[in-house]
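Participant: Quick one: this structure, given as structure tokens, is what I'll be asking you about.
The numbers here are math on the coordinates, done by the rules we state, and not lab data. Computed from a predicted model, the values in this text were never measured in an experiment. In this analysis, Cβ positions are derived from the backbone assuming ideal geometry, glycine residues included, and neighbour counts consider all displayed protein chains.
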């Protein structure tokens, strides 16, 4: 969850730098010397080779960071070998309490959990992040709220 936030921040920063670089091209001055009065001719809106390289690198950085921020991470590969019942035995009491409330209600809005558990919203968010990474809970956006449901046990082949 925090990693997605970091990627989102990187995407925003790189997009701003890209925008600034594109909107502020270089200005070159040509100086023609001759006689007593040298003339200076400004040539505005010139993109140099280094400008093009910077724009390309920022575009790549922006695209990759945006992709990483949006892509939903799946269950880590080493956890795929465990059944949900095995993972539940590893949970701390607070995590198990949140999971049980979600499972017993056949899903619940995230905003209801602090009241039902007695935990702070921060603690609930941290626990949900953990449960989501380990594939025990799925989070779906419904309007401006997150709807949570417990993941069903998958049959082992």
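Participant: Please arrange 115, 138, 132 by counting, for each residue, the other beta carbons lying within 10 Å of its beta carbon, fewest first. Display every interim value, and only then the final one.
Facilitator: Details: 115 10, 138 16, 132 19.
Lowest count first: 115, 138, 132.
Participant: Neighbouring Cβ atoms within 10 Å as the yardstick, rank 31, 108 fewest first.
Facilitator: Values: 31 8, 108 19.
Least crowded to most crowded, the residues run 31, 108.
Participant: I've got another one for you. Using 7 Å Cα-to-Cβ label points, what is the residue 50/residue 13 separation (nm, one decimal)?
Facilitator: For residue 50 paired with residue 13, the spin-label model returns 2.2 nm.
Participant: Okay, next question. Could you put 15, 63 in order, starting from the residue whose Cβ has the fewest other Cβ atoms within 10 Å?
Facilitator: Numbers: 15 17, 63 13.
Final ranking by Cβ density, sparse to dense: 63, 15.
Participant: Helix 49-70: angle to the longest alpha-carbon principal axis of the chain, degrees 0 to 90, nearest 10?
Facilitator: Value to nearest ten degrees: 10.
Participant: Related question: For the chain, just list the percent of Cα-Cα distances falling in each 10 Å bin from zero outward, please.
Facilitator: That works out to 9, 26, 21, 14, 11, 8, 5, 4, 2, 0, in percent per bin.
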